[in-house]
1. Give the relative contact order (percent, whole number) for the range 209-466; include only Cα pairs under 8 Å separated by 6+ residues.
2. In whole Hz and in residue order, list the ³J(HN,Hα) couplings for the range 226-239 that follow from phi through the Karplus curve 6.51 cos²θ - 1.76 cosθ + 1.60, θ = phi - 60°; x for Gly and Pro.
3. How high is the FRET efficiency between Trp181 and Arg231 when r is their beta carbon distance and R₀ equals 35 Å, given to the nearest 0.05?
4. Taking the dipole about the Cα centre of the range 209-466, with the C-beta of Lys and Arg at +1 and of Asp and Glu at -1, give me whichever of Trp460, Pro226, His364 is farthest to the positive side.
5. List the residues, sorted by chain then number, that are 5 or more residues from Ala467 or on another chain and whose placed amide H is less than 5 Å from its amide H.
6. What is the Cα centroid distance between the range 228-307 and the range 55-131, reported in whole angstrom?
7. Determine, for Met219, Met228, the number of other Cβ atoms within 10 Å of each Cβ, and report the residues in order from fewest to most.
8. Say the dipole of the range 209-466 comes from +1 at the beta carbon of Lys and Arg and -1 at that of Asp and Glu; which of Val327, Gly406, Pro315 then lies farthest toward its positive end?
Amino acid sequence: MADLRRMALVWWVRLLAALPLVAPLINIPRAGAAGALWPIQAGASPGTGPPQDSLRSAGPVIGVVVSAVAVVVAIVIHRIDARRTRGLYLDSLWSQILTLTQTNPRLCDVSVTSNYLEQMTWQERLAYDAVCLQGWTILDAAASRRLLDGTRMRLAFDWMAAFHLEWLHNNAHLFGGRRFWRRVKSVESGESRLLRHRPVPSETGLASWDDLNQRYFQMVFSPFDPMMPKRTALTDSIERALAASSADVIRLVDLGCGPGHLLNVLDGLPTVLRERVHYVGIDRSRPACESTRRRAELLGIPAEVLNIDLLNVAPPVGDVVVAVNTVLGGSRDENVTLLRAVRSSAHDHARVVLLLPAFEVMEHIIELRRSWYESKEGRATARRAVDATLRVKHPDAETASYSDDGVVTQFFHSLETIDRELAQVGLAPLAEPVRLDYPWSLARKFDYGYFPDQPPVWDWLVECRPARLAT
Ligand SMILES: C[S@@+](CC[C@H](N)C(=O)[O-])C[C@H]1O[C@@H](n2cnc3c(N)ncnc32)[C@H](O)[C@@H]1O
């Protein structure tokens, strides 16, 4: 229907434009010309002649004005039409990209695409290069023709930015448009729009660490990620705890050791300290234990690795006890049981270093999303964005729980739960919990958006010592 109306308008304008050409054929006579119907009479005062006189003399002027207007309107319509056709063409090219990625979901898996050089086989990379080249070229063309503000192209841009920025930066020289790069910059910092955290592997509704430990940094937001600085508040705290021990051989118990990343920290310690450490890794995941054993062998660090479940079996005792992101159970009670295991592993003079996943981070992220959408797209969109986050992650401040992947609910730690639960199990903090900050470049891979000008996301780092339980 809209097309019919458009066509009618175009033809009407074309007819108007042709009017001055056909006017002589219809023989609109000019004043005073031979054969005129109302010849001007000598001495006749203006306005006394037949009423059509002034109209006739204005005829050519009106014709020119009308045709000029018609020509301008025709040009405008032509430009709108051309823009629309280009838009439709780019849309159809874009649909091809989406179809291609539907047949290969790895192309929309940010943990693969953000590190595609390492993750993809050579064959796969060839196909990926083609998809990215076509996708970004379409968007470069759309940007240079100012077509990015239509909803479809805007979403296309956000989609490409969400999954394929790494490729773009590695091939930045292929794209030259100033508007294009301005848009890249604006989508780079800010909200990632798509909630796309990959699901935590789980058969039982609880996180399956056997799977997670095999693809650790793809799946887990970790303080040991290669994107983290080498020295952090966590590594400093572990080093301090070891240095404070007076034992000749310091038994370091790593509860929930995962694939043994802590061994790399030990490897970086000053030799005199490292040589005093006897490492004990504990995990309920067998593959994690195997990885830890292999890593210890590789680094030449004396180690025992025990495959036990802290919920059922008491761990051995150590001079320094570390639990990095291990206390993240499926209920508050489970967290308390894990903290009890930590407490039972610490002998009387031991130091305990806990890294506890922070619940407040979810509130921080929601606030960042809200203000970002509000500044870019107004209150209504901001409200929708916040609602979408709540629907996917369903955070619950009362139990300090939320679901990172939208499926598996995990129980985190707030300042309030830390205070309460450490006292409950008999652990006394040596100081207030401090934040272990994660760089935004790492956080963005885990659905936290990218807000480099805002405070980063964090986990709570707590140093404690065993305390007597109040009776
Ligand atoms: C997030 S990972 C942390 C791994 C390691 N600490 C690191 O930061 O690299 C949590 C680890 O805790 C282990 N874990 C969780 N609950 C456990 C339990 N009840 N008993 C033993 N290990 C457990 C998991 O198997 C997993 O390897």
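1. Contact order relative to length: 19 percent.
2. Once θ is set to phi - 60°, the couplings for the range 226-239 become x, 7, 7, x, 5, 9, 9, 4, 5, 5, 4, 5, 5, 5 Hz.
3. It comes to 0.50.
4. Value computed over the given set: Pro226.
5. Leu427, Ala428
6. The distance from the Cα centre of the range 228-307 to that of the range 55-131 comes to 55 Å.
7. In order of increasing Cβ crowding within 10 Å: Met228, Met219.
8. Most positive-ward Cα: Gly406.
Rule-based calculations on the coordinates, nothing more; no lab input. Keep in mind the model is a prediction, meaning the values are calculated, not measured. In this analysis, Cβ positions are derived from the backbone assuming ideal geometry, glycine residues included, and neighbour counts consider all displayed protein chains.
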